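**Q** Handing you a structure now.
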């Protein structure tokens, strides 16, 4: 019979305990690693999704029904990810990860294909796959050192808005009629008068027409100069649609118009003076990164007509009624100087504003200009 001494039993027990502690330590580290890496995975997944959301929205904002819009959408989508990190590295996407479609849920094609037939393109999808380095969980058997993380975002433009809410400004840009009586369109990139100083206005605008509108029926407030100033700064809080009747507003309003627009200008995150819209879109360098404006220098305004069914200029300072004929946007290039001066803005076409496409109202785009649309992030 073999007899095991107490010292031998003790050594065996110690060996078992060491093995159990080592095995438990591996399990503990594995569980801790799982919790740690899952937390990191959630964070980097969120960061990556935010980057894709920003890229899709930036791309969708550029779509204009032309090849130039598709190309600009790719550039903006790729550039929009610069402000985001994934796994402590800047997020990058390639042009090939940006695709386009005329419908939200399918049919996405490459930049080249979309650029060849751009008219119906309304949606942008940005998709990417990245690898995240695992920190602790990789010590477990069969677990790799990296984890694949994917994200996808789809953004698009709504149908043309014919019912604008919360943001429309009470200015009517100079009429779309030339001296010979022929209707002309605004040209993107060119400056136009948003408020006349009065006096000898160019035909067909009458001398008493300052291009200021009476928004009191929309806002429920008065139509005084302070109301004009507040509306230019913050935009209307009510809604107005294509075909609705409104009145033009007499009076110079030079100070309130200047104060409202300048306060709006100063509330933008890009207050560089004298820049054009393309420079505004490109952004500016700040702290080693490209920063962009927050959109406050964009001014959504109605085109108005003295006739409900055809575009006719308003002649007098108190034409009533006049009708909302279309809704477009201008960019404020600079602060308004002191004095009773013409207020200028650069025409950009459509831009983001509150509102909806109401099928019971007259359609937007009757002027033949790019219509205001709302950007929507779908996923």
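The values are calculated or read from the model by the stated rules, or taken from the named source; none is laboratory data. Here the structure is a predicted model, which is why all the values come from computation and not from measurement. Positions of Cβ are generated from backbone atoms using ideal geometry, with glycine treated the same way; all protein chains shown enter the neighbour counts.
**Q** Filter the stretch 343-362 down to residues that are surrounded by fewer than 21 Cβ atoms within 10 Å (Cβ to Cβ) and at pLDDT below 90, then give me how many there are.
**A** 10
**Q** Also, quick follow-up: Name the single residue, out of those in the stretch 210-242 being crowded, with 17+ Cβ neighbours inside 10 Å and at positive phi, that is modelled with the lowest pLDDT.
**A** In this case the residue turns out to be 235.
**Q** Right, another one. Would you please name the residue that is nearest to residue 373 (Cα to Cα), looking only at residues in the stretch 98-111 that are modelled with pLDDT under 95 and outside any loop (DSSP other than H, G, I, E, B)?
**A** 103
**Q** Working only within the stretch 131-158, note down all residues that are surrounded by fewer than 21 Cβ atoms within 10 Å (Cβ to Cβ) and at pLDDT 75 or above.
**A** Within the stretch 131-158, 131, 148, 149, 150, 152, 158 qualify.
**Q** What number of residues within the stretch 84-98 are over 17 Å from residue 153 (Cα atoms) and in contact with a helix residue (DSSP H, G or I) (Cβ under 6 Å, 6 or more places away or on another chain)?
**A** So the count comes out to 1.
**Q** Which residue out of 274, 251, 260 is assigned to a loop (DSSP other than H, G, I, E, B), at pLDDT 90 or above and assigned by TED's automatic domain parsing to the domain that holds residue 217?
**A** When all the criteria are applied, what remains is 274.
**Q** In the stretch 54-85, how many are touching a strand residue (DSSP E or B) at 6+ places or on another chain (Cβ under 7 Å), crowded, with 21+ Cβ neighbours inside 10 Å and either closer than 21 Å to residue 149 by Cβ or in contact (Cβ under 8 Å) with a residue 40 or more places away in the chain (or both)?
**A** Qualifying residue count, the stretch 54-85: 10.
**Q** Considering 114, 80, which residue is assigned to a helix (DSSP H, G or I), at pLDDT 90 or above, under 25 Å from residue 292 (Cβ atoms) and touching a helix residue (DSSP H, G or I) at 6+ places or on another chain (Cβ under 7 Å)?
**A** 114
**Q** Could you check, for the stretch 335-351, whether at least one of its residues is out of contact with any strand residue (DSSP E or B) (no Cβ under 6 Å at 6 or more places or on another chain) and not in a loop (DSSP other than H, G, I, E, B)?
**A** Yes; the residues of the stretch 335-351 include at least one that is out of contact with any strand residue (DSSP E or B) (no Cβ under 6 Å at 6 or more places or on another chain) and not in a loop (DSSP other than H, G, I, E, B).
**Q** Moving to a separate point now. For residues in the stretch 294-315 being touching a residue at least 24 places away in the same chain (Cβ under 8 Å) and out of contact with any strand residue (DSSP E or B) (no Cβ under 7 Å at 6 or more places or on another chain), which is farthest from residue 173 (Cα to Cα)?
**A** Filtering first and then ranking leaves 294.
**Q** Then there's this: If I filter the stretch 317-330 for residues that are touching a strand residue (DSSP E or B) at 6+ places or on another chain (Cβ under 7 Å) and modelled with pLDDT of 90 or more, do I get at least one hit?
**A** yes
**Q** Ok, one more. Looking at residue 281, is it within 23 Å of residue 374 (Cβ to Cβ), under 17 Å from the mean Cα position of the chain (by Cα) and not in a strand (DSSP E or B)?
**A** Yes, satisfied.
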